[in-house]
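Enquirer: My questions will all concern the structure given below.
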Amino acid sequence: MKPLIAPSLLSADFLNLETEIEMINNSEADWFHLDIMDGVFVPNISFGLPVVEAVKRKAKKPLDVHLMIVEPDRYIDAFRKAGADILSVQYEACTHLHRVLQSIRDGGMKSGVVLNPHTPVQLLANVLAYTDLVLIMSVNPGFGGQQFIPETYNKIAELKSMIKASGQSVLIEVDGGVNTVNAKQLVEAGADILVAGNAVFKTENPAQTIAKLKNIAF
């Protein structure tokens, strides 16, 4: 099965955001990936609800929203109203993760859990039944353009085994330093969704790069 491709709008040209959205709409991409950063959980600030709402008005594909914020449970309904189809929260930011995941699903969205590079996958054993996807960060979150952490391959394979053993249907997403060089190995390790920012938007032909990522393992 070909991986789902979710270009990260964090790397898009915000002066020409509508053009970038149309490019993704007309490409082989499957989702839009939106990183919400608050300058507290991560050392950067990106964009918030108004941008999500604006993207939703033009997007013809699902919005995959990643909350890199403290107290994400306070904003679940706000992001639902803004147009999120998939809402992922950081494991490290959730004191009551089970309740947060249930709230996301109750709002009609798919639920996701995000693991920072240092967080072991075993910690998700008791919440896989309430999770639609696990996003493994292959860089430390907060900035685009970082170098891929190679230990990610083993982490993906380990999580894949956990999911199979649990009997749950959970997708594995990878974000951080994903490109046409490592995409094939990521898919072979067990990744179902590839998030790519600079690797897409900083190339001469972003739509062509998306197509290459989509088909690189086949």
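Only the coordinates and a few stated rules stand behind these numbers; no lab work does. All values derive from a computational prediction rather than experimental measurement. Virtual Cβ from ideal backbone geometry, glycine too; neighbours counted across all protein chains shown.
Enquirer: Within a Cβ distance under 9 Å of Ala82, other residues only, what is the Lys/Arg minus Asp/Glu net charge?
Expert: With Lys, Arg at +1 and Asp, Glu at -1, the net is +2.
Enquirer: Can you compute 3J(HN,Hα) from phi for each residue in the range 110-118, using the Karplus curve 6.51 cos²θ - 1.76 cosθ + 1.60 with θ = phi - 60°, rounded to whole Hz and x for Gly and Pro?
Expert: 7, 9, x, 10, 10, 10, 5, x, 8
Enquirer: Please work out how much length the chain gains when fully extended from Leu49 to Gln122, using 0.36 nm per residue of separation minus the C-alpha to C-alpha distance, in nm with one decimal.
Expert: Here the segment from Leu49 to Gln122 would lengthen by 23.1 nm.
Enquirer: On to the next question. Given Cα pairs under 8 Å that are at least 6 residues apart, what percent is the relative contact order of the range 100-169?
Expert: Relative contact order, the range 100-169: 31 percent.
Enquirer: Can you check what the net charge comes to around Tyr153, using other residues whose Cβ is under 14 Å from the Cβ of Tyr153 (Lys, Arg +1; Asp, Glu -1)?
Expert: Cβ neighbours under 14 Å give a net charge of 0.
Enquirer: Also, I was wondering about something else. Asn140 to Asn198: FRET efficiency via 1/(1 + (r/R0)^6), r the Cβ-Cβ distance, R0 22 Å, to the nearest 0.05?
Expert: Using R0 = 22 Å, I get an efficiency of 0.90.
Enquirer: Another question about this same structure. Where the centre of each part is set by its Cα atoms, how far does the range 1-38 sit from the range 134-186, in angstrom?
Expert: So the two Cα centres are separated by 19 Å.
Enquirer: Next up: Can you give the Rg to Rh ratio for the chain, taking only C-alpha atoms and Rh from Kirkwood?
Expert: With Rh from the inverse mean 1/r over Cα pairs, Rg/Rh is 0.93.
Enquirer: Tell me the mean residue ellipticity at 222 nm calculated for the chain from its helices only (DSSP H runs of n ≥ 4, each -39500 (n - 2.57), averaged over every residue, nearest 500).
Expert: After summing the helix terms and dividing by the residues of the chain, the value is -9500 deg cm²/dmol.
Enquirer: Work out, step by step, the length gained on full extension between Glu158 and Met1: first 0.36 nm times the residue separation, then minus their alpha carbon distance; give nm to one decimal.
Expert: Between Glu158 and Met1, full extension yields an extra 54.6 nm.
Enquirer: Per residue of the range 169-186, in order, report the coupling 6.51 cos²θ - 1.76 cosθ + 1.60 (Karplus, θ = phi - 60°) as ³J(HN,Hα) in whole Hz, putting x for Gly and Pro.
Expert: Result, rounded to whole Hz: 9, 10, 7, 10, 10, 10, 9, x, x, 6, 8, 6, 7, 9, 4, 4, 5, 5.
Enquirer: Fewest first, what order do Asp35, Asp192, Asp13 take by the number of other Cβ atoms within 10 Å?
Expert: If I rank by nearby Cβ atoms, fewest first, I get Asp13, Asp192, Asp35.
Enquirer: Need one number: % antiparallel among DSSP beta bridges in the range 4-215, to the nearest 5.
Expert: In the range 4-215, approximately 5 percent of DSSP beta bridges are antiparallel ones.
Enquirer: Apply the a/c threshold of 1.5 to the C-alpha gyration tensor of the range 1-116 and tell me whether it is rounded, prolate or oblate.
Expert: Note, shape of the range 1-116 comes out prolate.
Enquirer: For the range 1-153, what does the relative contact order come out to in percent, with C-alpha contacts under 8 Å and a separation of six or more?
Expert: In percent, rounded to a whole number, it is 17.
Enquirer: Let me ask another. Between Gly190 and residues 5 or more places away or on another chain, which pairs have amide H atoms under 5 Å apart, with H built 1.01 Å from N, and which residues are they?
Expert: Here nothing satisfies the definition.
Enquirer: Moving to a separate point now. Around Leu4, with a cut-off of 14 angstrom between Cβ atoms, what is the net charge of the other residues, counting Lys and Arg +1 and Asp and Glu -1?
Expert: -4
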